[in-house]
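Taking it in order: structure first as structure tokens, then the write-up.
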Amino acid sequence: MRSFLSRLLLALLPGVAVAQPLAPVHPWVVPPPDLQPAARFTNLTDGQTLDSPFVARFGLALRGLVPAGHEAGTNGHHHLLVNQSLPLDFSKPLPFTDHYIHFGKGQMETVLDLPPGDYDLRLLLADKGHIPFFVYSKPVHVHVAHRRSGVAPASLTGPQRVEIVEPADRAELHDAFRVAFHASGFNVSSAAAQVPGTGHFRLAAEGHGARPEVMDFRGGETEAWIRPPTGDWRLRLEFIDNATGATLATSPTVALHEDTHGSQKVAHVAQR
């Protein structure tokens, strides 16, 4: 009942209604504590000092991805604002400049090669025509201490792969929890948009003595809040080709088990 009422409230919120990523996926999938769609960086923190070039990874709550030029409900694609405030007019398309970096293929990460200095970074979601939604991240201030030469972007991003970036190893989990997905070298999209060269995430859960559970995020979602039954579960993320249905990549397994010291759950990465 709680899940149903939360979904009903979510559907009535302005600007969020009837979004494809909000369609029911599986009984375990529940609304997040914050019902406001938002973007975020999954690997950068405010006030962080780092060397350039560096990788910035993107997350998205309560919306899904679709490449530029394509439409799927209220899905969109990421834009990275560098030392740039949010636009004053959200009815105009975002420009193509060094301060507005577009990720119109459905990417979830980029390599930034910035000179030493201080930078404010922010993510902003926009539609097929680059007109922004009111879906953005909090600004993250980073300090670039050094700029390294001769560093190839591929050496930072690594090979094509998918990962469960949350829960972290040995993280304490209470009740429902977020499972954050990530794809390196793949483009993410709602399957309904039928964009060649894209895929979507599928999360599988296996428990001892229980039938496998499969959560297929065909709406282009890149995270989900789930509430599995009490017990030992192993989570595995897959990336599914939207054109063929083939599995393009599989993540390492994350194991969830009951803590012997209480009712909370503890996550750890299991060796495959």
Report summary line: How many residues of segment 228-249 are open to solvent by less than 40 Å² (accessible area, probe 1.4 Å) and either more than 9 Å from residue 199 (Cα to Cα) or among the basic types (Lys, Arg) (or both)? The answer is 7
Report task. Note down all Cβ pairs under 7 Å where the first residue falls in segment 39-54 and is open to solvent by 50 Å² or more (accessible area, probe 1.4 Å), the second is charged (D, E, K, R) and part of a strand (DSSP E or B), and they're at least six residues apart or on different chains. Result -> 43/57
Query raised in the report: Among the residues of segment 230-254 satisfying the criterion of being in contact (Cβ under 8 Å) with a residue 40 or more places away in the chain and part of a loop (DSSP other than H, G, I, E, B), which is farthest from residue 186 (Cα to Cα)?
Result: 252
Requested in this report: Evaluate the following for residue 81: is it under 23 Å from residue 183 (Cβ atoms), among the hydrophobic types (A, V, I, L, M, F, W, C) and in a strand (DSSP E or B)?
Outcome: yes
Requested in this report: State whether the residues of segment 176-193 include one that is within 18 Å of residue 41 (Cα to Cα) and in contact with a His (Cβ under 9 Å, 6 or more places away or on another chain).
Outcome: yes
Query raised in the report: Out of all the residues in segment 184-195, is one or more in a loop (DSSP other than H, G, I, E, B) and among the hydrophobic types (A, V, I, L, M, F, W, C)?
Result: yes
Requested in this report: Could you tell me whether any residue of segment 84-96 is among the polar types (S, T, N, Q), within 30 Å of residue 196 (Cβ to Cβ), open to solvent by 30 Å² or more (accessible area, probe 1.4 Å) and not in a strand (DSSP E or B)?
Outcome: no
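The values are calculated or read from the model by the stated rules, or taken from the named source; none is laboratory data. On a predicted model such as this, the values are computed, not experimentally measured, just so you know. Neighbour counts run over all protein chains shown; Cβ positions are idealised from the backbone, glycine included. All accessible areas refer to the heavy atoms of the entire protein, side chains included, with ligands and DNA or RNA removed. Shrake-Rupley method; radii C 1.70, N 1.55, O 1.52, S 1.80 Å.
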